[in-house]
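Peer 1: Here it is, the structure in full.
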Amino acid sequence: MATVADTHGVEHEHGPAKGIMRWITTTNHKDIGTLYLCFAMAMFLVGGAMALIIRAELYQPGLQLVDPHFFNQMTTLHALIMVFGAVMPAFAGFANWMIPPMIGAPDMALPRLNNWSFWVLPFAATLLVITLFLEGGAVASGWTLYPPLVLQMGDSLPFTIFTVHLLGLSSIMASINIIVTIFNLRAPGMTMMKMPMFVWTWLITAFLLILVMPVLAGAVTMLLTDKFFDTSFFNAAGGGDPVLFQHLFWFFGHPEVYIIVLPAFGIISHVIPVFSRKPLFGKNSMVFATAVIGILSMIVWAHHQYTVGMPVPAELYFMYATMLIAVPTGVKVFNWLATMWKGSLTFETPMLHAMGFLVLFVFGGFTGIMMSQAPADLYYHDNYFIVAHFHYTLVGGGVWGIFAGFFFWLPKWTGRMYDERLGKLHFWLSFLGFNLLFMPQHFLGLAGMPRRIPDYAVQFTEFNQMSTVGAFIFGFAQLLLIYIAYKAIKGEGEKATDEVWEGAKSHGLEWSLSSPMPYHHSFEGVDISKAIKDE
Amino acid sequence: MSTASGSYYLPHVAKWPILGSIGLFTMLGGFSLKLIGVGVGGFLMFVGALIVIGMMFGWFGEVIKEGLQGLYNHQVERSFRWGMIWFIASEVMFFACFFGSLFYIRMYVVPWLGGEGTTGVGEYTNMLWPGYAPEWPTNGPARIGGEFEPMEAWGIPALNTLILLSSGVTVTWAHWGLLKNDRPQFVKGLIATIALGFTFVLFQAYEYYHAYTEMGLTLGAGIYGSTFFMLTGFHGMHVTIGAIFLTVVLLRALRGHFDSEHHFAFEAAAWYWHFVDVVWLGLFIFVYWL
């Protein structure tokens, strides 16, 4: 049987191609993971810049920097770019890097398709961003693209719709690849219930994507035909209904929330055990809780539409079903805390970010339970309370999971430790900046400040100023992240050991590989069935 | 250039995906420009479509060549099978979107527009459009698109149901032929299936022509026209794709490709064909009949 050293021979024979063509034609899951992560980082900056424009405008009441129409374009593009351009590709990057080594696979199952899943994205992003320069500017209806408003805008509509189609194509291809890899390429002995949590959460996420992205594609196709081909899907005069779009959109949109946060759950389920020096508490219940969250997420969508005038029985159903989600989510949070219970805790940067995740996500979850009540939601609807809520879940949940995973695995990818002091600085700046940014927005919302409006009443000024200062701290702290990544990629910093974190070897297959991992076929010839442990 | 890992084949260079992205970008960007009235849009759309078609020829050609070289073991073929299954699952959800819209409109929206219900739009629409009698088919309270005749189920559509169901039988007969290495039966079954498929498409085209020229039934005929043409149109598109898919399989079969062991492309085409078949049954029941 070949040894690990032989794998390097293979690497020499078929090393990466040179120059730009390496990245364009690559089928290597690690290269594609890197591409996804770099793209996500770039989009995070673009979307972040748009957020800073929004916050700068809101620093004072009145109109200072941008006109209201441009402000609305910024809120719309910020959301679309962050959701589809930054967070989802970042998790796809993690999936590419980590799923094959975690399950003992040589690569992703369909490597050429993997290449295409990524290479659709930059073209889709271009198609979206060029709408800023068209007559009437980019779509300014909010990322939900509700008709009839979205049908009354300038030339940007078809470009935006085809962007959504391309993004959907990319997500579906990536999801198919992930499911096939997990079903078909697990190493002997890697049974489904032995699979690490990150793999499990991505499996459920991929199912969700396959089930809901086509519905979004269909819904925006109807927008296109309503605008350009005389159909009446969302036109009551012709027998249609604009609320139909809301149902279709949120049938996609609510699972999308879990698509963003489930892989973060997976990452946190790896970080906490390593830095608690204990196995994950209740692994099986984690798997089932994830599956239950996935199922529930598909049957609660209309809690986004309590104010449109649904029949009362429907509101009641969606209200109770939504509250149910707190149960499996509670199981997860309980298990994370129980994992730390009596553990030998240390707080390196990934663990700090995992703690940040717990605090922020649980906080966002609680405000979510508040809003799940239909009668109370009539009051919260469409004000800054909801803005604060979903940023706590999507940024505090999703992005904090990305931060944790980034610091956790960066040494495994690059072979270099990051500078711990810089990492901690990044955490504290981000954490404090974020809370300063979004905590006051709860109070603004409860006091009645509506979202998506560039102006506000003077009594909201102080909280808005705090929020804007927080936004700039949070935004500029991310430059540190780029610097940290740049240094590691350049090969600066202390060399990482193979297991990177003390005792990590007992926590998963990926830590038994060299740091950095071999370029091709990580496990070539390694007998890994002995390394797979029962948790 | 490639290496076998164990025996799972992993290609190391993918030159077609980037061409596919450029093609899709050109095609969809061109289509968008055409829709907003920029002259060059139609041309760009055409060029983009050509690039996408070229990409498919190249990509599928490469995969077929590798398959014939025997690079794909059973595990690789299993990956392809799983891939096709989940691709079809996503297609099912795409149709579910339009079926769901149809059900929502027929069950809730139309009665509400007629004034039913207390918390919905009902009480207000009665003010907007007093006297609107909610019934299906409808083109809405404002009678968008004017007078129209709904499509009758028991003419061409019933015949088309028969055609598609028979084609499901012939494709299975072809599969049996392949499994016992009886190539003439395999080829005959494929030819019959493809012929039935294109007959279906021709009938559908005739039905559309009839609807547009004589029945006043167009895409603009309110919600009935919208749902009718979007559902049957996307389905017809899928039948066409499926028939082309089967034609490629037929051409390969005539060149001696496939045996009872290795015939993923045929199976994928057959699954796809059964999928469009099942969608049609839904269409026949809920769009034409009920």
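Peer 1: Label chain B by shape, choosing from rounded, prolate and oblate, from the square roots a ≥ b ≥ c of the eigenvalues of the Cα gyration tensor; if a/c is under 1.5 it is rounded, and otherwise prolate applies when a/b is larger than b/c, oblate when it is not. Provide the component values of the computation, followed by the final result.
Peer 2: Working: a/c = 2.29, a/b = 1.75, b/c = 1.31.
Here chain B falls in the prolate category.
Peer 1: Take the residue pairs A:Lys278/A:Lys490; A:Lys30/B:Lys15; A:Lys18/A:Lys505; A:Lys412/A:Lys490; A:Lys424/A:Lys495; A:Lys278/A:Lys495 and return only those whose Cα atoms are more than 23 Å apart. Don't skip to the answer; put the middle values down first.
Peer 2: Values: A:Lys278/A:Lys490 33 Å; A:Lys30/B:Lys15 18 Å; A:Lys18/A:Lys505 33 Å; A:Lys412/A:Lys490 14 Å; A:Lys424/A:Lys495 19 Å; A:Lys278/A:Lys495 25 Å.
A:Lys278/A:Lys490; A:Lys18/A:Lys505; A:Lys278/A:Lys495, as the Cα separations exceed 23 Å there.
Peer 1: Long-range amide H contacts for A:Arg416: which residues qualify at under 5 Å (H placed 1.01 Å from N, peptide plane, sequence gap of 5 or more or a different chain)?
Peer 2: A:Ala496
Peer 1: Give me a single rounded figure for A:298-310: the average over its residues of other chain Cβ atoms within 10 Å of their Cβ. Display every interim value, and only then the final one.
Peer 2: Details: counts 0, 0, 0, 0, 0, 0, 0, 0, 0, 0, 2, 9, 3.
Across the residues of A:298-310, the mean count of other-chain Cβ atoms within 10 Å is 1.
Peer 1: Would you please put A:187-195, B:246-254 in order of how densely packed they are, using the mean number of other Cβ atoms within 10 angstrom per residue and starting with the highest?
Peer 2: B:246-254, A:187-195
Peer 1: Between A:Thr346 and A:Thr191, what is the spin-label point distance in nm, taking each point 7 Å from the Cα along the Cα→C-beta axis?
Peer 2: 3.4
Peer 1: Using mean Cβ contacts within 10 Å as the protection proxy, how do B:59-68, A:351-360, B:87-96 order, highest first?
Peer 2: Final packing ranking: A:351-360, B:87-96, B:59-68.
Peer 1: Sorted from fewest to most neighbouring beta carbons within 10 Å, what does the list A:Ser512, A:Ser297, B:Ser226, A:Ser175 look like?
Peer 2: Numbers: A:Ser512 18, A:Ser297 22, B:Ser226 34, A:Ser175 26.
Ranked by crowding around the Cβ, least crowded first: A:Ser512, A:Ser297, A:Ser175, B:Ser226.
Peer 1: Using 0.36 nm per residue of separation minus the Cα-Cα distance, give me the extension gain between B:Thr213 and B:Thr199 in nm, one decimal. Spell out each step's value before the answer.
Peer 2: Details: separation 14, 0.36 × 14 = 5.04 nm, distance 2.10 nm.
Result: 2.9 nm gained on full extension.
Peer 1: Counting only other chains, what is the mean number of Cβ atoms within 10 angstrom of the Cβ of each residue in peptide B:24-36? Walk me through the numbers on the way to the answer.
Peer 2: Values: counts 9, 8, 1, 1, 10, 7, 0, 6, 14, 4, 2, 10, 10.
If you average over the peptide's residues, the count of other-chain Cβ atoms is 6.
Peer 1: Which whole-number percentage describes the relative contact order of chain A, with Cα contacts under 8 Å and a sequence gap of 6 or more? Provide the component values of the computation, followed by the final result.
Peer 2: Working: 882 pairs, mean separation 100.5, N = 535.
The value is 19 percent.
Peer 1: Then there is this: Where does helix A:461-489 land angle-wise versus the long Cα axis of chain A, in degrees 0 to 90, nearest 10?
Peer 2: Tilt of helix A:461-489: around 30 degrees.
Peer 1: Please identify which residues in segment A:454-480 have an amide N closer than 17 Å to a label point set 7 Å out from the Cα of A:Met439, following the Cα→Cβ vector.
Peer 2: It comes to A:462-475, nothing else.
Peer 1: Still on this structure: For Cα pairs less than 8 Å apart in space and 6+ apart in sequence, what is the mean separation divided by the residue count of chain B, i.e. the relative contact order in percent?
Peer 2: Details: 297 pairs, mean separation 44.6, N = 290.
15 percent.
Peer 1: How big is Rg to Rh over segment A:114-216, alpha-carbon atoms, Rh as the Kirkwood inverse-mean-distance radius? Please report the intermediate quantities before stating the final value.
Peer 2: Numbers: Rg = 17.8 Å, Rh = 15.7 Å.
Dividing the radius of gyration by the Kirkwood radius yields 1.14.
Peer 1: Could you tell me whether segment B:138-290 comes out rounded, prolate or oblate from its Cα gyration tensor? Rule is a ≥ b ≥ c as square roots of the eigenvalues, rounded for a/c under 1.5, then prolate if a/b exceeds b/c, otherwise oblate. List each step's numbers first, then the result.
Peer 2: Values: a/c = 3.03, a/b = 2.98, b/c = 1.02.
Because a/c hits 1.5 or more and a/b exceeds b/c, segment B:138-290 counts as prolate.
Peer 1: Determine the distance separating the Cα centre of segment A:182-198 from the Cα centre of segment A:114-147; give it in Å without decimals.
Peer 2: 36
Peer 1: For B:Arg183, A:Arg421, what ranking results if the residue with the fewest other Cβ atoms within 10 Å of its Cβ goes first? Show your work: numbers first, answer last.
Peer 2: Numbers: B:Arg183 15, A:Arg421 9.
Going from least to most buried by this count: A:Arg421, B:Arg183.
Peer 1: Using 0.36 nm times the number of residues separating A:Leu134 and A:Asp455, minus their current alpha carbon distance, what extension gain do you get? Let's see the in-between values first.
Peer 2: Working: separation 321, 0.36 × 321 = 115.56 nm, distance 2.53 nm.
My answer for the length gained is 113.0 nm.
Peer 1: Also: So what does the Cα-only Debye profile of the protein assembly as shown read at q = 0.06, 0.07, 0.09 Å⁻¹, as log10 I(q)/I(0), no solvent term?
Peer 2: Values returned for q = 0.06, 0.07, 0.09 Å⁻¹ are -0.41, -0.56, -0.94.
Peer 1: Sort A:Lys332, A:Lys424 by Cβ crowding within 10 Å, fewest neighbours at the top. Intermediate results must be reported in sequence, preceding the final value.
Peer 2: On the way: A:Lys332 20, A:Lys424 15.
Ascending Cβ contact count within 10 Å gives the list A:Lys424, A:Lys332.
Peer 1: Could you rank the peptides B:46-56, A:239-249, B:167-177 by their average count of other C-beta atoms within 10 Å per residue, with the highest value first? The partial results should precede the final answer.
Peer 2: Values: B:46-56: 15.9, A:239-249: 24.2, B:167-177: 19.3.
Highest-to-lowest ranking by the protection proxy: A:239-249, B:167-177, B:46-56.
Peer 1: How crowded by other chains is A:221-227, given as the mean number of beta carbons from other chains within 10 Å of each beta carbon?
Peer 2: Details: counts 5, 6, 0, 3, 6, 1, 1.
Per residue, the average neighbour count from other chains is 3.
Peer 1: Follow-up. Pairing the Cα long axis of helix A:156-184 with the longest principal axis of chain A, what angle in degrees results, from 0 to 90 and rounded to the nearest 10?
Peer 2: Value to nearest ten degrees: 30.
Peer 1: Still on this model: Give the residue from B:Ala158, B:Thr170, A:Ser285 lying farthest towards the positive end of the charge dipole for the protein assembly as shown; charges sit on Cβ (+1 for Lys and Arg, -1 for Asp and Glu) and the dipole is referred to the Cα centre.
Peer 2: A:Ser285
Peer 1: Right, here's the next one. Expressed as a rounded percentage, what relative contact order does segment B:159-269 have, with Cα pairs under 8 Å and six or more residues apart?
Peer 2: Working: 89 pairs, mean separation 30.4, N = 111.
Relative contact order here is 27 percent.
Peer 1: Let me spell out the model: positive unit charges on the Cβ of Lys and Arg, negative unit charges on the Cβ of Asp and Glu, origin at the Cα centre of segment B:78-289. What dipole size does that give, in debye rounded to 20? Each step should come with its number before you reach the end.
Peer 2: Values: 9 positive and 14 negative charges, 170 e Å.
Dipole size: approximately 820 debye.
Peer 1: Next up: For the charge dipole of chain A, defined by +1 on Lys and Arg C-beta atoms and -1 on Asp and Glu C-beta atoms about the Cα centroid, which residue among A:Trp23, A:Gln459, A:Pro518 has the Cα displaced farthest towards the positive pole?
Peer 2: A:Pro518
Peer 1: To the nearest 500 deg cm²/dmol, what mean residue ellipticity at 222 nm is calculated for chain B from DSSP H runs of n ≥ 4 alone, each contributing -39,500 (n - 2.57), summed and divided by the residues?
Peer 2: Working: 9 runs with 195 residues, N = 290.
For chain B, the value works out to -23500 deg cm²/dmol.
Peer 1: Shifting gears a bit: How far is helix A:4-13 tilted off the main Cα axis of chain A, in degrees rounded to 10, range 0 to 90?
Peer 2: 70
Peer 1: Let me ask something additional. Rounded to the nearest 500 deg cm²/dmol, what is the calculated helix-only ellipticity per residue at 222 nm for chain A, with -39500 (n - 2.57) per DSSP H run of length n ≥ 4? Mind showing how you got there, number by number?
Peer 2: Details: 18 runs with 344 residues, N = 535.
When only DSSP H runs of four or more count, the value is -22000 deg cm²/dmol.
Taken together, the values in this text are just the output of simple stated rules run on the coordinates, not laboratory data. Not measured: the values here are computed from a predicted model. For neighbour counting, all protein chains shown are included, and Cβ atoms are generated from backbone atoms with ideal geometry for every residue, glycine included.
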